[in-house]
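Asks: Have a look at the structure that comes next, please.
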Amino acid sequence: MKDSLNALMTEVIAVASERRCAYLMLKDDPFFGRLPSGSDQEAIQFAFAAGEAAAQKVITQHGRSPEGIACSLQVRVTRTDAAISAGKAVLFSEYSDRPPAVTIYTRSVEEANRLIRDNGLAEALGLDDVTPVHLAHELYHHLEAKKLTEGTSGYRIPTLSWGPIRLRTGLPSLGEIAADRFALVVLGLQVPPRAIQFITIHYHNQEYAWQLLEELKRFPA
Ligand SMILES: [Zn+2]
């Protein structure tokens, strides 16, 4: 029973606060090791605020439907059934800025939707289709790319200081954290996007999904 998807998701939903999910993204950041100790909470808060501000603005101007928002912002949405799995990662969606377009990978999305349906998870998750979650997430990347929102690039950490020379860098994971906050607010999600992805992780690697859950529990709630 320990291995069942339902057992996993019951635990994930109970412990996967938005902050813990954010830690999961932050610790994968290539510059995580450079983040001054003690500033992880501050970095996550910065990203939450960026996602929140963008969401409130978009809701006021364009409403809450990701398809409608894409249309208003002139972002083309295409669907492809091309099998995309880059290494171990399953790709759901992708944003490209020239011209502005979001690609939805229907195989990944339909696989997640089928697992939700077959395991009766819709009620616990508050959704039966993950497409809007991924589309909303990518639309945040559009807002950042086109500077339609303040975004997360203002958060910078020192990478090198050599006499008077100080180099600083942004943290790419903050854009991901902000994009998930954006999706959560625009769609009024019950469960953070990163937590929903445990369904797919479990399908492809049960052992890793349980490991990741243990990791999640160790972050501050
Ligand atoms: Zn993203």
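The values are calculated or read from the model by the stated rules, or taken from the named source; none is laboratory data. The model shown is predicted, which means the values in this text are computed figures rather than measured ones. Please note: Cβ atoms are built from the backbone with ideal geometry, for glycine as well, and neighbour counts cover all protein chains shown.
Asks: Given Leu171, Leu143, Leu187, Leu216, which one is crowded, with 21+ Cβ neighbours inside 10 Å, under 23 Å from Gln74 (Cα atoms) and under 17 Å from the mean Cα position of the chain (by Cα)?
Replies: On the way: Leu171 fails: under 23 Å from Gln74 (Cα atoms); Leu187 fails: crowded, with 21+ Cβ neighbours inside 10 Å; Leu216 fails: under 23 Å from Gln74 (Cα atoms).
None of the others qualify; the one that does is Leu143.
Asks: Answer yes or no as to whether Arg79 is touching a strand residue (DSSP E or B) at 6+ places or on another chain (Cβ under 6 Å) and farther than 24 Å from Lys147 by Cβ. Step through it out loud before you land on a result.
Replies: Working: touching a strand residue (DSSP E or B) at 6+ places or on another chain (Cβ under 6 Å): yes; farther than 24 Å from Lys147 by Cβ: yes.
Yes, satisfied.
Asks: Continuing with this model, one more query. Take the residues in the stretch 153-176 that are within 20 Å of Val58 (Cα to Cα) and at pLDDT 95 or above; name whichever of them is nearest to the ligand (Cβ to nearest atom).
Replies: The residue in question is Glu176.
Asks: Moving on to the next point. Only one residue in Tyr23, Tyr95, Tyr105 is under 20 Å from Ile177 (Cβ atoms), among the aromatic types (Phe, Trp, Tyr) and either within 16 Å of the ligand (Cβ to nearest atom) or loosely packed, with under 13 Cβ neighbours inside 10 Å (or both), so which one is that?
Replies: Numbers: Tyr23 fails: either within 16 Å of the ligand (Cβ to nearest atom) or loosely packed, with under 13 Cβ neighbours inside 10 Å (or both); Tyr105 fails: under 20 Å from Ile177 (Cβ atoms).
The conditions single out Tyr95.
Asks: Of all residues in the stretch 110-140 being buried (at least 18 other Cβ atoms within 10 Å of the Cβ) and of a type in the set (Gly, Ala, Ser), which is farthest from the ligand (Cβ to nearest atom)?
Replies: Result: Ala112.
Asks: Restricting to the stretch 176-197, give me the number of residues that are assigned to a helix (DSSP H, G or I) and farther than 12 Å from Ala22 by Cβ. Outline the logic, then answer.
Replies: Step one: list which residues in the stretch 176-197 are assigned to a helix (DSSP H, G or I), which gives 176-187, 193-196.
Among the residues that remain, those that are also farther than 12 Å from Ala22 by Cβ are: 182-183, 185-187, 196.
Final tally of qualifying residues: 6.
Asks: Are there any pairs, at least 6 apart or on different chains, whose C-beta atoms fall under 8 Å, with the first in the stretch 200-221 and more than 18 Å from Ser108 (Cα to Cα) and the second surrounded by fewer than 19 Cβ atoms within 10 Å (Cβ to Cβ) and of a type in the set (Val, Ile, Thr), and if so, which?
Replies: These pairs meet every condition: Leu213/Val15; Leu216/Val15; Lys217/Val15; Ala221/Val15.
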